[in-house]
Each structure stands twice: as structure tokens, then as C-alpha cells.
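J.: My structure is below; once you've seen it, I'll send some questions.
The values are calculated or read from the model by the stated rules, or taken from the named source; none is laboratory data. What you see is a predicted model, and the numbers here were worked out from it, not measured in a lab. Counting neighbours? That spans all protein chains shown, and the Cβs are built from the backbone with ideal geometry, glycine included.
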Amino acid sequence: MDKRKLGLEDFYAWYQENKIRLREDAFKYSIHNEQLREEFLKEWPLDRILTMSIDEYVIGKGAQSNSFCYGLERGKYKSLFMGIGGGASPFRLVNYNLHHEPKTYLKEVEKNKKAR
């Protein structure tokens, strides 16, 4: 593999060679993204989001693949507007373990402090 340093001129040359394909790909992505956005708004209208239950919202409770968070993090909407895929932080405000026992953010912080 070539280990030389790449400069702005190299990027410019690469861009000039690939700009038509890059623009076509961006256009295809924008069409796909708009279709996905419309599908999301049909499945999750604002009224539904404002009144959803914890079971509909959180991963790990209820039907996992149907939850709001699952859809955004790992499901069909993970690439929507470049996505938030995999938001698996241990510091969620509400998290459910396998036994569906609620944990709060503060409990997680205390647990992590003790583990140090």
C-alpha cells in the first residue's frame, strides 16, 4: 500500500474523477431518504409520538422490532437523515433489563462509580 501523504491536490483530482457518480449517488439517496421520511411520518405521526406508551418507545419491552427506538436505532429508519444507528449508551434515562425492571440514569451512574 502506498504510504505517501495525500494532499488537497490529490483529493481534488479524485473528486474530479468521481464527481458525476457522487452527485448521482447523492440524488438517489435524497429520493430514498424522502420516501423513508414519508413512511416514518405515516407510521409515527406526531400525535402517536406524544401519546406513546413506554412499551412502544423503549427497546427491551414489548415487541422489540416495533418500538420507536428500535426503528430509529436498528430498524428500517436507522439511515433516515444519516441516522442515529445503535444508540446503546449505558446512561439512558430509562432502560429495561431482561426482567423488565426499570433503571434510572442515577442508578446507572452510581453502579458505574462503584465498579471503578
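So that you can scan it fast, the table gives a plain yes or no per residue for (1) under 22 Å from K76 (Cβ atoms); (2) among the acidic types (D, E):
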| position | (1), (2) |
| --- | --- |
| K5 | no, no |
| E17 | no, yes |
| D25 | yes, yes |
| H32 | yes, no |
| E43 | yes, yes |
| R48 | yes, no |
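J.: Look at N33 and say whether it is modelled with pLDDT under 80, of a type outside the set (G, A, S) and within 19 Å of the chain's Cα centre (by Cα).
T.: Considered against the rule, which asks whether it is modelled with pLDDT under 80, of a type outside the set (G, A, S) and within 19 Å of the chain's Cα centre (by Cα), N33 comes out as no.
J.: Can I ask one more? In region 57-83, which residues are modelled with pLDDT of 80 or more, more than 23 Å from K28 (Cα to Cα) and part of a helix (DSSP H, G or I)?
T.: Answer for region 57-83, where residues must be modelled with pLDDT of 80 or more, more than 23 Å from K28 (Cα to Cα) and part of a helix (DSSP H, G or I): Y57, F68, C69, Y70.
J.: Moving to a separate point now. Of the residues that make up region 48-56, is at least one among the aliphatic types (A, V, I, L, M), outside any helix (DSSP H, G or I) and without any contact (Cβ under 8 Å) to a residue 40 or more places away in the chain?
T.: Yes, the conditions are met somewhere in region 48-56.
J.: Being aromatic (F, W, Y) and either closer than 30 Å to S67 by Cβ or in contact (Cβ under 8 Å) with a residue 24 or more places away in the chain (or both) is the filter here, so list the residues in region 1-44 that pass it. Outline the logic, then answer.
T.: Initially, region 1-44 is screened for residues aromatic (F, W, Y), giving 11-12, 14-15, 27, 29, 40, 44.
If the condition is that a residue be aromatic (F, W, Y) and either closer than 30 Å to S67 by Cβ or in contact (Cβ under 8 Å) with a residue 24 or more places away in the chain (or both), then Y29, F40, W44 are the ones that fit.
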